[in-house]
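Inspection log for the structure reproduced underneath, given as structure tokens.
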Amino acid sequence: MSSSSSSSSSSWCPILCASFNQDNSCFAIGTKDGFKIFDTNTGKLCYQRDVGAFSIVEMLFTSSLLAIVGAGDQPSLSPRRLCLFNTTTGAPLRELNFLTSILAIRMNRKRLIVILQDKAYVYEINSLSILDTFDTVPNIKGLCALSPCLDACYMALPASTTKGSALLYNVMDCNLHCEIEAHRSPLAAMVFSSNGMYIATASEQGTLVRVHLVSDATKSYSFRRGSYSSTIFSLSFGPSKQLPDILAATSSSGSIHLFTLGFASHPR
């Protein structure tokens with residue numbers, strides 16, 4: 001990823017989206033004016049491009065590849081068009097067009113996932129050849145989780161609009177791996193651990209956060225976030241190359257909950 005940035009205005013601009021890269025070393029934001037990339041540890045601005053409004057900006061680790069989707073404020077930035085952008089050259093590499101708005105993008109070093117309201121497209125990331133298309137339940141939130149680990153390369157999609165179950169696919173062969181019935185109410189957030197061994201989920205009720213072992217879909221942990229309903233905005237495992245040791249949850253209550261995981265010494 002290039003460290004250079006284009007000229008920019010110093011005026012405040014609303015943030016339309018924000019996301020970390022796969023190892024949390026950087027984060028990207030999309031605004032009404034363009035997009036920016038920052039170093040997580042230092043807060044330093046690494047890259048900036050002021051070309052219009054973006055609703056999705058996703059990084060591939062610290063490479064020069066970005067997946068960006070416009071917010072629809074101008075014809076050239078349609079929410080139905082995915083642009084793969086090279087930050088080194090400052091130019092688009094490839095564009096993919098869809099019939100409906102793109103709700104989410106997920107990437108790892110082998111796969112690119114495009115989420116629409118009722119479909120999920122799986123691409124080989126280098127050639128952009130389409131590997132499979134999955135019909136989904138209505139997914140207006142664009143819920144999707146993708147493991148960054150190629151040894152356990154799973155994708156999770158919501159399986160129901162009435163209960164909190166998730167379908168897990170191995171996206172290396174595009175076969176269904178399992179279904180996890182995690183909650184009684186519909187899913188609100190999902191995330192894989194960095195090694196792809198575990199998946200954390202939260203429902204729209206927002207009182208419980210659960211962690212399942214991906215290999216056999218068994219529940220490993222159940223944490224209570226609170227007694228009253230709250231919207232879970234995001235879940236994140238702590239950085240770990242081995243077993244995850246911490247799980248964070250943000251919610252509409254204005255708090256961040258940290259849950260300790262003890263897989264090595266206290267499995268449950």
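Read-outs: derived from the displayed coordinates by stated rules, not from any lab. Note that this is a predicted model, so its numbers are computed, not measured. Here the Cβ is made from the backbone with ideal geometry for all residues, glycine too, and neighbour counts use every protein chain on show.
Assorted remarks:
- Qualifying positions in the range 51-80 - out of contact with any Lys or Arg (no Cβ under 8 Å at 6 or more places or on another chain) and over 19 Å from GLU95 (Cα atoms): THR62
- If you go through the range 178-235 and keep only what is of a type in the set (Val, Ile, Thr) and surrounded by fewer than 17 Cβ atoms within 10 Å (Cβ to Cβ), you end up with THR218, THR231.
- Among the candidates LEU77, LEU84, LEU93, LEU66, residue that is more than 20 Å from the chain's Cα centre (by Cα), crowded, with 18+ Cβ neighbours inside 10 Å and either farther than 14 Å from ASN126 by Cα or in contact (Cβ under 8 Å) with a residue 12 or more places away in the chain (or both): LEU77
- Among (1) of a type outside the set (Val, Ile, Thr); (2) surrounded by fewer than 14 Cβ atoms within 10 Å (Cβ to Cβ); (3) more than 25 Å from LEU168 (Cα to Cα), the one test that ASP39 misses: (2)
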